[in-house]
Amino acid sequence: ELKNVANSISLMNSQFMEDLAIIDIGEASKWMVTGEESPDPAQPNQLVLRGIRNSFALRNGWIWYSPMDAYATERIELLRGPNAFLYGEADLGGANNQVTKRGLFTRNVTRAKLMLGSDNFRRAELDLNRRLGNKLAVRVSGVQSNNESWINNVRRDFRGVYGALTYRPFRSTAINISAEHSKSTSVAAQGLFLDQYTY
């Protein structure tokens with residue numbers, strides 16, 4: 001259990017992300033104990049943890065270079081400090097791991113969400129979970145998101161579908177198979193006043 005681990009670990013669960021309408025890692029970083037989104041617009045999935053930019057993000061414990069979107073994310077684990085190397089990846093400032101959704105055996109879920117906001121922000125999400133007996137569960141999520149910016153001609157269009165099949169042969173054993181197909185089209189502006197020298 002995390003309470004017995006001598007590390008600084010913070011968790012951000014799906015309910016927290018939904019309550020604050022978090023849709024990507026940049027917005028999530030505003031609520032982390034330490035860390036912020038990397039100021040480099042060409043690398044949207046990186047965080048600066050304790051003043052040091054991490055090299056990559058992890059997804060389910062594997063290196064992940066694609067932008068993170070909350071529609072397929074169950075929780076975010078943030079491991080702060082140099083002891084992050086104990087888990088196989090030696091980022092001095094820390095590491096972040098995004099855990100994807102899995103099939104739930106507790107209940108069936110049918111959830112639709114529509115978000116509207118400033119800068120012509122429009123987003124629709126669908127999340128379905130079905131139990132197929134006591135040993136098999138299926139989860140499917142989809143998203144269509146469009147957002148402009150306060151900067152002229154800057155925008156991000158994202159669409160994706162995610163599916164997970166969870167098989168539980170024994171009470172304490174679960175096998176998860178997941179697949180995702182997404183497309184992200186964005187126009188980014190070069191940030192101003194970036195300090196590239198100290199990197």
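In this simple spin-label model, placing a label point 7 Å from the Cα along the Cα-to-Cβ direction at both residue 36 and residue 183 gives a separation of 3.5 nm. Each residue of segment 14-22 was assigned a 3J(HN,Hα) from its phi angle through the Karplus curve 6.51 cos²θ - 1.76 cosθ + 1.60 (θ = phi - 60°); the sequence is 5, 5, 4, 5, 5, 4, 9, 6, 7 Hz, with glycine and proline shown as x. When 25, 177, 52 are compared by accessible surface with a 1.4 Å probe, the order from highest to lowest is 177, 52, 25. Here's how it looks for residue 38: its modeled amide H is under 5 Å from those of 46, 47, 48, which are all 5 or more places away or on a different chain. Extension gain, residue 140 to residue 173, is 9.7 nm, computed as 0.36 nm per intervening residue step minus the present C-alpha separation.
What the phi angles of segment 177-183 give under the Karplus curve with 6.51, -1.76 and 1.60, with θ = phi - 60°, is a coupling list of 10, 9, 8, 9, 10, 9, 9 Hz, glycine and proline written as x. According to the Cα-based calculation, Rg over Rh for segment 63-188 is 1.05, with Rh computed by the Kirkwood formula.
The values are calculated or read from the model by the stated rules, or taken from the named source; none is laboratory data. If you're wondering where the values come from, they're calculated on a predicted model, not measured in any experiment. When we count neighbours, we look across all protein chains shown, and the Cβ atoms used for this are built from the backbone with ideal geometry, even at glycine. Protein only, heavy atoms only, side chains kept; ligands, DNA and RNA dropped before computing areas. Shrake-Rupley method; radii C 1.70, N 1.55, O 1.52, S 1.80 Å.
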